[in-house]
Amino acid sequence: MARFVRWFIFLALVGLAAFYFITRPQTVDAARFDALSGDADRGALVFHAAGCASCHAAPKAEASDMPLLTGGQAFPSDFGTFYAPNISPDPEVGIGGWDVADLANALTKGVSPEGQHYYPAFPYLAYSKMTDQDIVDLKAFMDDLPVSDTASRAHEVGFPFNIRRSLGGWKFLFFNDDWVMDAADTPQLERGRYLVEALAHCGECHTPRGPLGDLQYDAWLTGAELPGEGKIPGISPGTLSWSENDIAFYLESGFTPDFDSVGGAMAHVVENMARLSAEDRAAIAAYLKALPET
Amino acid sequence: MKRTALALTAAAMALTATLTYADGHAAHNSAIKARQGQMNLYNHNLGVLGGMAKGDIEYDAAVAQIAADNIVAAASINGMNMWPEGSDNGSVEGTRAKPELWQNFPDVIAKATAATEAANAMAAAASTDLDALRGAMGPLGAACTACHREYRSR
């Protein structure tokens, strides 16, 4: 009996150690940003391509070149309701006190400066593919944005999802930084892949998820159901018949090939995409049409 | 006797309520059709301008001008009698207009005014050349989107 208890305690400790090892928040090596300097103008394009303001501006805020990132928009999910935090450069309630490594940890590791896991409502799985230069440029742009002193609202997430440490397990299972399109053969396709898979994080809404909120990469961009938004259409070649030209024009003007105009959450996306270059919109369209027909 | 009177009154009230409801419903249907007709006018003419902007239709200044002028004309229709209270997608079928539209009327008017300005800018640009038409397309789309983003379900 005593022997059994000893074994039990031993295994429990091993399990606990494994849990702590697997779920530990991981961070970037800050030194890799030392030689880089940020360009705010380039950062503006990264910012708009990444759609930061669509979630982090106050609810119903108008699109802006220099948005106030107060936070407060609600994102209902199967796990609870998430509220986008204040990411304006306020040093107290925003992210004004962050250095570039803090921002890189948030974007590419989903880890806060305090070493806590973020919920994947924040699309760090996509942002994990961001280049170092884009992160540094983004930081330069975001530092210049107007300051909001509105405190962030706490998420409303029930047990067991309110235990942030458990997100380490979620990351262990689902954090995958491979490209979905493994061969992007032309510079245009490579750019489109970077925009779609990394910055614009299209897959977060347009790809179905499993029971734990994990993206179903074998059904990449084939459409999904989203709480609060309803049915999200597919944008893969098998699910969307629009031409490349149609897609690029839609991302610029918001007009579908039938000349209906975009509405709902996608309207925010079009507001962002309209700020990119025509080449970038064409690259997105080229990438979408180059996906396998499934 | 008293009981019969009561029953008749109740029946009459129920009938009145039903008639009022049906009547209100029919009026809403007509208003919804009217405003959707206005949207269809935009749609048809945007198809011409957008087709040229995209390169699907060959640019023709005169044809573009007709389309742009039609959009301005459609935007000049006074919409005040086409958006009755209770004709939102939470109350009736056949519309995507969200109840929020009726809760934010000043904002709706502001957005409609901005859309009219964008339509005027298109009318000024459409017959200049294709680049001018293309340049006016983005703001016009953004003006449509601004309202649809807040007040129309996808």
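Observations on the model:
- Unique residue being closer than 27 Å to A:GLY115 by Cβ and either surrounded by 13 or more Cβ atoms within 10 Å (Cβ to Cβ) or in contact with a Leu (Cβ under 7 Å, 6 or more places away or on another chain) (or both) when the list is A:GLY168, A:GLY223: A:GLY168
Residue-by-condition table, conditions (1) within 23 Å of B:ALA27 (Cα to Cα); (2) within 14 Å of another protein chain (Cβ to nearest Cβ):
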residue	(1), (2)
B:ALA64	no, no
B:ASP69	no, no
B:TRP83	yes, no
B:ALA136	no, yes
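- Taking the criterion of being in contact (Cβ under 8 Å) with a residue 40 or more places away in the chain and either assigned by TED's automatic domain parsing to the domain that holds A:ALA200 or under 19 Å from A:ALA49 (Cβ atoms) (or both), the only residue of the stretch A:105-120 that qualifies is A:THR108.
- Filtering the stretch A:242-269 to residues that are surrounded by fewer than 23 Cβ atoms within 10 Å (Cβ to Cβ), of a type in the set (Gly, Ala, Ser) and at pLDDT below 95 leaves A:GLY263, A:GLY264, A:ALA265.
- When the helices (runs of 4 or more DSSP H) confined to the stretch A:185-294 are screened for residues that are within 11 Å of chain B (Cβ to nearest Cβ), those reaching at least 2 such residues are found at A:244-253, A:265-273.
- Within the set A:THR27, A:THR81, the sole residue that is closer than 27 Å to A:PHE174 by Cα, of a type in the set (S, T, N, Q), in a strand (DSSP E or B) and not assigned by TED's automatic domain parsing to the domain that holds A:GLU197 turns out to be A:THR81.
- A:LEU45 aliphatic (A, V, I, L, M), under 21 Å from the mean Cα position of the chain (by Cα) and either part of a helix (DSSP H, G or I) or more than 30 Å from B:VAL108 (Cα to Cα) (or both): yes
- Looking across the stretch B:36-52, the residues that are in contact with a Leu (Cβ under 9 Å, 6 or more places away or on another chain) and more than 7 Å from chain A (Cβ to nearest Cβ) come down to B:LEU49, B:MET52.
- The stretch A:89-111, subset touching a Lys or Arg at 6+ places or on another chain (Cβ under 9 Å) and in a loop (DSSP other than H, G, I, E, B), residue nearest to A:ASP134 (Cα to Cα): A:ASP99
- Positions within the stretch A:270-292 being of a type in the set (Ser, Thr, Tyr) and crowded, with 20+ Cβ neighbours inside 10 Å, in sequence order: A:TYR287
- Residue in the stretch B:50-59 that is of a type in the set (Val, Ile, Thr), in a helix (DSSP H, G or I) and out of contact with any Lys or Arg (no Cβ under 9 Å at 6 or more places or on another chain) present: no
- Checking each residue in the stretch A:127-167 for being more than 17 Å from the chain's Cα centre (by Cα), β-branched (Val, Ile, Thr) and over 23 Å from A:MET66 (Cβ atoms) picks out A:VAL157, A:ILE163.
- Each residue in the stretch A:219-237 was checked for being on the phi < 0 side of the Ramachandran plot and touching a residue at least 60 places away in the same chain (Cβ under 8 Å), and 4 pass.
- Search result, residues across the stretch B:98-117 that are away from chain A (no Cβ under 11 Å) and out of contact with any Phe, Trp or Tyr (no Cβ under 6 Å at 6 or more places or on another chain): B:PRO99, B:TRP102, B:GLN103, B:PHE105, B:PRO106, B:VAL108, B:ILE109, B:ALA112, B:THR113, B:THR116, B:GLU117
- Scanning the stretch A:135-151 for residues that are in contact with a helix residue (DSSP H, G or I) (Cβ under 9 Å, 6 or more places away or on another chain), closer than 19 Å to A:ASP39 by Cβ, part of a loop (DSSP other than H, G, I, E, B) and not assigned by TED's automatic domain parsing to the domain that holds A:ARG193 turns up at least one hit.
- Complete set of residues in the stretch B:35-62 that are within 16 Å of B:THR128 (Cα to Cα) and crowded, with 16+ Cβ neighbours inside 10 Å: B:VAL48, B:LEU49, B:GLY50, B:MET52, B:ALA53, B:TYR59
The values are calculated or read from the model by the stated rules, or taken from the named source; none is laboratory data. Owing to the predicted nature of the structure, the values given are computational and were not obtained by experimental measurement. Cβ atoms come from the backbone with ideal geometry, glycine included; neighbour counts cover every protein chain shown.
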